[in-house]
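Following: one structure in structure tokens, then a few remarks.
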Amino acid sequence: MERWKGRVALVTGASVGIGAATARCLVQHGMRVVGCARTVDKIEKLAAECQSAGYSGTLIPYKCDLSNEEEILSMFSAIKTLHKGVDVCINNAGLAHTEPLLSGKTESWRNMIDVNVLALSICTREAYKSMKERNVDDGHIINISSMCGHRVVPNSDLHFYCATKYAVTALTEGLRQELREAKTHIRATSISPGIVETEFAFRLHNSDPEKAAAVYESIKCLKADDVANSVTYVLSAPPHVQIGDVQMRPVEQVS
């Protein structure tokens, strides 16, 4: 991670869970991390904690609604003005709604598409543009996906969510191919965790906290730090090594 010291990383969905753990980990390794979310109070608190801990990097909170393209473009413009540009883009933000295919609400499906697929694609495009205009040839784009992007779980609440994560699998491979065609050494990686103990289940089942808690009590789950450590593993690989897809899950997870 030594070569990333002082360089700029964008982490989306940085207020909680995997995003917050990843932002903290990159700051520990000396990076300047722009952490964005719809609300930034938790990121501001994390930034203060990182500073108090004496980490060599810095965390810069940025308010951005990723379902709004104009806000994403404004964020990248601000990063260019204040920090020259993005060297690493961690597309972590994602969400799920319990909306089955046969009875789901279109509005909720659209929200999942907007955040899980379109925002990820817009951030990827803008990060690549930022790298190219500064002749950054060793940048890295990492998509935090899910094992739901590799198999459809027998749970109707998650079927549309699975579709968005299958899209991330296809988008990451398509990105890798386009980067090769562009003859650049910028790399693309997808990290697909299984069950991670975060706020995800509580947001998914926000009307049934007992059901949410049961998700994490059934087995020994992954922790957000486990995924953050996989991010640094990927970034630490030699520049000639392309890690395409990291699949990780709890030992006890059945599927």
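The values are calculated or read from the model by the stated rules, or taken from the named source; none is laboratory data. Since the model is a prediction, treat every value here as computed from it, not as a measurement. No Cβ is skipped: glycine too gets one built from the backbone with ideal geometry, and neighbour counts run over all protein chains shown. Each accessible area value is taken on the protein alone, full model and side chains, heavy atoms only, with ligands, DNA and RNA left out. Shrake-Rupley method; radii C 1.70, N 1.55, O 1.52, S 1.80 Å.
Give, as residue ranges, the helices (runs of 4 or more DSSP H) completely inside the range 118-224 that count at least 3 residues that are open to solvent by 40 Å² or more (accessible area, probe 1.4 Å), out of contact with any Lys or Arg (no Cβ under 9 Å at 6 or more places or on another chain) and among the acidic types (D, E).
Result: 159-181.
Name every residue in the range 225-255 that is in contact with a strand residue (DSSP E or B) (Cβ under 9 Å, 6 or more places away or on another chain) and either farther than 24 Å from G139 by Cβ or open to solvent by less than 20 Å² (accessible area, probe 1.4 Å) (or both), in order of residue number.
Matches in the range 225-255: D226, V227, S230, V231, V234, L235, A237, R249, P250, Q253.
Taking only the range 1-46 into account, find how many residues are more than 18 Å from D225 (Cα to Cα) and β-branched (V, I, T).
Adding up the residues that qualify gives 4.
Pick out the one residue from I122, I141 that is touching a strand residue (DSSP E or B) at 6+ places or on another chain (Cβ under 6 Å) and not hydroxyl-bearing (S, T, Y).
Exactly one residue qualifies, and that residue is I141.
Can you find a residue in the range 83-93 that is open to solvent by 60 Å² or more (accessible area, probe 1.4 Å), assigned to a loop (DSSP other than H, G, I, E, B) and either under 28 Å from R3 (Cα atoms) or of a type in the set (V, I, T) (or both)?
Yes: one or more hits.
Condition check: assigned to a loop (DSSP other than H, G, I, E, B) and either open to solvent by 20 Å² or more (accessible area, probe 1.4 Å) or over 30 Å from V153 (Cβ atoms) (or both). Does E71 satisfy that?
When the stated conditions are applied, E71 does not pass them.
Any residue at all in the range 31-48 that is of a type in the set (D, E, K, R), open to solvent by 40 Å² or more (accessible area, probe 1.4 Å) and in contact (Cβ under 8 Å) with a residue 40 or more places away in the chain?
Checked against the condition, which is being of a type in the set (D, E, K, R), open to solvent by 40 Å² or more (accessible area, probe 1.4 Å) and in contact (Cβ under 8 Å) with a residue 40 or more places away in the chain, the range 31-48 yields at least one hit.
Considering only the range 94-109, how many residues are outside any helix (DSSP H, G or I) and over 22 Å from the mean Cα position of the chain (by Cα)?
7
May I ask you to verify whether T81 is over 20 Å from A167 (Cβ atoms) and in contact (Cβ under 8 Å) with a residue 12 or more places away in the chain?
In short, no.
So which of A78, A23 is outside any loop (DSSP other than H, G, I, E, B), touching a Phe, Trp or Tyr at 6+ places or on another chain (Cβ under 8 Å), open to solvent by less than 30 Å² (accessible area, probe 1.4 Å) and modelled with pLDDT of 95 or more?
So the residue among A78, A23 that is outside any loop (DSSP other than H, G, I, E, B), touching a Phe, Trp or Tyr at 6+ places or on another chain (Cβ under 8 Å), open to solvent by less than 30 Å² (accessible area, probe 1.4 Å) and modelled with pLDDT of 95 or more is A78.
Among the residues of the range 110-133, is there at least one that is under 30 Å from P209 (Cβ atoms) and of a type in the set (G, A, S)?
Taking every residue of the range 110-133 in turn, at least one turns out to be under 30 Å from P209 (Cβ atoms) and of a type in the set (G, A, S).
Tally up the residues in the range 26-48 that are more than 19 Å from G94 (Cβ to Cβ), in contact with a Ser or Thr (Cβ under 7 Å, 6 or more places away or on another chain), not basic (K, R) and not in a loop (DSSP other than H, G, I, E, B), please.
Total satisfying the criteria: 1.
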